[in-house]
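Read through the structure below, which is laid out as structure tokens, and then see the notes.
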Amino acid sequence: QVQLVESGGGLVQPGESLRLSCVASGSILSISTMAWYRQAPGNQRELVAVISNGGYTNYADSVKGRFIISRDDTKNTVYLQMNSLKPEDTNVYSCNQFISTTISRSYVSYWGQGTQVTVSS
């Protein structure tokens, strides 16, 4: 079994920063792609940022230049540094990791439970 646990969400004012973390635990062999998504009620899930196991990154146009995704493979953790936050960034942010385990040698998609980010004055 694999579990993803996110942390770091909260309430901030416009222009402030937050750092999200997502730690994977379980019988993990390796992790390929890691990503952050967000979804507001009634809206489709949106890809915010993605990082490959080689360190290649890609971002949604709405967050380019403000958000930075990074990973620490020694800790099975993906981070999302969010700077210059705007009210429109308010969402539930969820992490997604493709993980190979001792049970399933192929990569399987796992999701965290989500963490609320609210940007409001």
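At-a-glance table
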{"quantity": "Residue within the range 69-82 that is loosely packed, with under 14 Cβ neighbours inside 10 Å and without any contact (Cβ under 8 Å) to a residue 24 or more places away in the chain present", "calculated": "yes"}
{"quantity": "Residue in the range 86-94 that is in a loop (DSSP other than H, G, I, E, B), among the basic types (K, R), open to solvent by 40 Å² or more (accessible area, probe 1.4 Å) and under 21 Å from S17 (Cβ atoms) present", "calculated": "yes"}
{"quantity": "Residues of the range 66-85 satisfying the condition of being part of a strand (DSSP E or B), of a type in the set (A, V, I, L, M, F, W, C) and over 19 Å from Q3 (Cα atoms)", "calculated": "F67, I68, I69, M82"}
{"quantity": "Scan of the range 95-114 for residues that are assigned to a loop (DSSP other than H, G, I, E, B), touching a residue at least 12 places away in the same chain (Cβ under 8 Å) and not charged (D, E, K, R), ordered by number", "calculated": "T102, I103, Y107, G112, Q113, G114"}
{"quantity": "When residues of the range 42-65 are limited to those that are part of a strand (DSSP E or B) and either out of contact with any Ser or Thr (no Cβ under 7 Å at 6 or more places or on another chain) or open to solvent by 70 Å² or more (accessible area, probe 1.4 Å) (or both), the one modelled with the lowest pLDDT", "calculated": "E46"}
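The values are calculated or read from the model by the stated rules, or taken from the named source; none is laboratory data. Note that the structure is predicted; figures quoted are calculated from it, not measured. Because the Cβ atoms are built from the backbone with ideal geometry, glycine has one as well, and the counts that use them run over all protein chains shown. Accessible surface is based on the protein model in full, side chains and every heavy atom, while ligands, DNA and RNA are left aside. Shrake-Rupley method; radii C 1.70, N 1.55, O 1.52, S 1.80 Å.
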